[in-house]
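I'd like to ask some things about the structure below.
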Amino acid sequence: MKNTSSPLRILPLAVALAFSAGAALAQSSTGTTSPSGTGSSVTGGRAAPEAQPGTGTRNAPQAAKLDRADRKFIQEAAEGGMFEVQASQLAASKASDPAVKSYGETLNKDHSDANNELVQLANSKGVELPAAPDRGKRRDIEKMGKLSGKEFDQHYVREVGIKDHEKDIKKFEKAEGKVKDPELKAWITKTLPHLREHLAMAEKLPEAGSKANAAAMGNR
């Protein structure tokens, strides 16, 4: 029997297969996912860093070049940034003191902006980011969500605005002198002034307590 299959029928199939192979090759060559700027369900957040597990970023050429300590700092900074955004979004909606509410809005914006920049940097370096803050920080968010009124305001200002920022500043200052990647160093140098500003703002709030207020007055 003669083969009655028309070449015209085979041609579209061959073109479709070639196009599919090309698309798959293009997708595998990128290996990264651009940040959407969305946070977890807890944040309702527009800019908490979004983890990209299984996207192939670990196999990116840049990944092998990044120092292990630099990679660890990026991941820890991402976790801290997500926590700051989540806590500050709670403050922006739950705080009873308008000044604390405004402070939460400021931190939400600043940390969201910094987080988005860190996501872009991590993707360019082939670093997978965590999906959420560590377990301890997630418990802190849950605890804050159960507080209200003055109790919430004091907890947020003292624990997040002061203690958490004091830890972050020390960590960033130490990393600024040790990280090897120039782009990461530039991000740290850009972010540090905002962290110091956030700490100073928190210390001036009445909810900070007398010791913090006294320290803030002495630094003027």
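Give region 141-157 a look and list any residue that's among the charged types (D, E, K, R) and surrounded by 18 or more Cβ atoms within 10 Å (Cβ to Cβ), or say none.
D153
I'm trying to understand the selection: among the residues of region 172-197, which are in contact with a Phe, Trp or Tyr (Cβ under 8 Å, 6 or more places away or on another chain) and assigned to a helix (DSSP H, G or I)?
Hits for region 172-197 are A175, L184, I188, T191, L192, L195.
A follow-up question, please. Could you list, in sequence order, the residues of region 81-105 that are part of a helix (DSSP H, G or I) and either at pLDDT below 95 or of a type in the set (S, T, Y) (or both)?
Listed by number, the residues that qualify are S88, S93, S102, Y103.
Still on this structure: Would you pick out the residues in region 185-195 that are crowded, with 16+ Cβ neighbours inside 10 Å and touching a residue at least 12 places away in the same chain (Cβ under 8 Å)?
W187, I188, T191, L192, H194, L195
The values are calculated or read from the model by the stated rules, or taken from the named source; none is laboratory data. Just so we're clear, the structure is a prediction, and the values are computed from it rather than from any experiment. All Cβ positions, glycine included, derive from the backbone under ideal geometry; neighbour counts span all protein chains shown.
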